[in-house]
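Each reported figure results from applying straightforward, stated rules to the coordinates on display, with no laboratory input. On a predicted model such as this, the values are computed, not experimentally measured, just so you know. Cβ placement follows ideal geometry from the backbone for every residue including glycine, while neighbour counts extend to all protein chains displayed.
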Amino acid sequence: MRSLIQSICMACIGLVIALQLSHSLAASTASLTAASSAAPKSLAYPRLAAQLNSKQYVLLMRHAYAPGVGDPAGYSLSNCQSQRNLNAEGRAQAKRIGLWLREQGVSAAQVHASQWCRCTETAKLLGFGYQVEPALASVYDHPEHATARTQSLQQFIAHNVSEKPSGALILVTHHVNIHAYMGENIGSGDMVLVRVDHAGKMQSYQVIPSP
């Protein structure tokens with residue numbers, strides 16, 4: 001009988017210890033989950049502002065999120081309502097990118113955008129002001145123009161990087177143009193930090209995911 005009672009007591013003690021360990025593990029997991037969700041989702045690029053202040057770097061950016069592909073048939077560049085445009089998610093994303101750039105120390109920027117409304121709206125929402133630049137115009141409908149458009153973009157970059165005062169040069173364009181320039185597809189709102197030579201040609205690049 002004594003052995004039976006001892007066995008039952010040992011089993012009870014083991015159950016209590018197991019419950020305590022389970023509770024402790026659950027609390028630790030919850031703490032880690034909370035810490036993970038509280039951590040910033042956007043990476044920091046402490047050298048970004050200094051790089052963009054130099055005459056060796058330019059920041060290419062794909063316009064923020066605009067649902068769909070291409071533009072509706074019969075669209076007009078003079079009528080935003082006829083084009084594929086940013087939705088609420090895209091507008092929030094563009095504002096977030098502008099805030100993120102300032103968090104990296106980018107306080108001044110020359111922003112140029114393709115004349116498509118999803119690009120000009122992205123550029124506007126960054127909050128630095130912007131100008132429309134034909135060298136950034138989409139080649140989606142005319143892929144045969146990609147080589148010539150890339151050459152125009154290189155010339156534009158070469159001139160503006162060499163002539164600009166301190167501050168970033170940010171170019172808001174389309175994924176097809178960015179792919180033609182640097183050879184990689186990127187997502188909506190993603191950025192490419194490009195090191196260029198005196199002729200505006202890419203020497204190296206780093207893709208920066210949209211914050």
Charge sum, other residues only, whose C-beta stays under 9 Å from residue 207's C-beta, Lys/Arg counted +1 and Asp/Glu -1: -2
Lys and Arg at +1, Asp and Glu at -1: add these up for the other residues within a Cβ distance under 14 Å of residue 86 and post the number. +4
Cβ-derived FRET efficiency at R0 25 Å, residue 55 paired with residue 151, nearest 0.05: 0.80
Can you give the extra length, in nm with one decimal, that the chain gains between residue 203 and residue 69 once fully stretched, where that is 0.36 nm per residue apart less the Cα-Cα distance? 45.2 nm
Give me the number: length gained by fully extending residue 132 to residue 77, i.e. 0.36 nm times residue separation minus the C-alpha to C-alpha distance, one decimal in nm. 18.6 nm
